[in-house]
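The values are calculated or read from the model by the stated rules, or taken from the named source; none is laboratory data. All values reported here derive from a predicted model rather than from experimental measurement. Here the Cβ is made from the backbone with ideal geometry for all residues, glycine too, and neighbour counts use every protein chain on show.
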Amino acid sequence: MDFQAYLAEIIGTAILVLLGNGVVANVLLKKTKGHDGGWIVITFGWGMAVFVGVFCMAVYSGAMINPAVTIGLAIAGKFSWAQVVPYIISQMIGAMIGAFLVWATYKKHYDEVNDPDAVLSTFSTMPEIRSFWHNLLTEIIGTFVLVLGIIYLVPLTYIGDSHQDVLLRLALPVGLLVFAIGLSLGGPTGYAINPARDLGPRIMHSILPIKGKRNSDWKYAVVPVLGPIIGGVLAAGAYWLFGLFPL
């Protein structure tokens, strides 16, 4: 059972990054069918990426596909702490696999002369205005909204449910939530709201042979890792606080 769950987290996170970073590559890289498709295309693509990843894998692992969600659910008492580290490792592996598959899909487009910043953006997030504390706050707020929403959805969804139940109770609401967060809060940083989604692809950017690439901006990497974790912890804390003062 544990192995199946870990494999599901790997596959689910790989799907998330493949489709999410894939839409970014389609919009930002030269000579693609979707070039210059715009921010709405990217946010809708990420919403659909979450939808597909969760829908396919939730019956096997819960499809957290995000360390901030895993940690937040554990603090909220809805997930076993013993499973936190194996889940996060699985999510990181999946994110790296997904990033590799995006690179393989768009290999010929990466070989074209592209803006190095745009290339990095197809792997990991970059802020529009670089300001550590403001960027960190943006990631905290976005992830707080995400994790709080998921915490309240979890009692409605259980591993082993039918795919139809997962579709209506978890995959669709969470996909729409990520879409909404991207449209409303994603502008400043590109809304990582998921440490694995940013860190795994950033590692792949640093090691893959990409023509004309820049450095992987490791100085900024702490923001999309630490910010979502803090946001997830605060969401779990809010859940406990609300529980102390029931309606």
Entirely in region 35-149, the helices (runs of 4 or more DSSP H) that have 2 or more residues that are touching a Pro at 6+ places or on another chain (Cβ under 8 Å), free of Cβ contacts under 8 Å to residues at least 12 places away in the same chain and of a type in the set (V, I, T): none
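For region 40-47, state whether one or more residues are under 20 Å from I93 (Cα atoms) and either surrounded by fewer than 23 Cβ atoms within 10 Å (Cβ to Cβ) or of a type outside the set (V, I, T) (or both).
The answer is yes; a qualifying residue exists.
Mind telling me which of the residues G20, G38, G47, G34 ends up being closer than 16 Å to P195 by Cβ and modelled with pLDDT of 95 or more? Reasoning before the result, please.
Details: G38 fails: closer than 16 Å to P195 by Cβ; G47 fails: closer than 16 Å to P195 by Cβ; G34 fails: closer than 16 Å to P195 by Cβ.
Answer to the selection: G20.
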In region 169-188, residue farthest from C56 (Cα to Cα) [restricted to those that are crowded, with 20+ Cβ neighbours inside 10 Å and out of contact with any Leu (no Cβ under 9 Å at 6 or more places or on another chain)]: G186
Qualifying residue in region 20-29 (condition: out of contact with any Pro (no Cβ under 6 Å at 6 or more places or on another chain), closer than 25 Å to H205 by Cβ and assigned to a loop (DSSP other than H, G, I, E, B)): yes
In region 213-247, residue modelled with the highest pLDDT [restricted to those that are outside any helix (DSSP H, G or I) and more than 22 Å from F100 (Cα to Cα)]: K219
Residue list for region 4-34, filter: more than 24 Å from I93 (Cβ to Cβ), surrounded by fewer than 20 Cβ atoms within 10 Å (Cβ to Cβ) and touching a residue at least 24 places away in the same chain (Cβ under 8 Å): K30, K31, T32
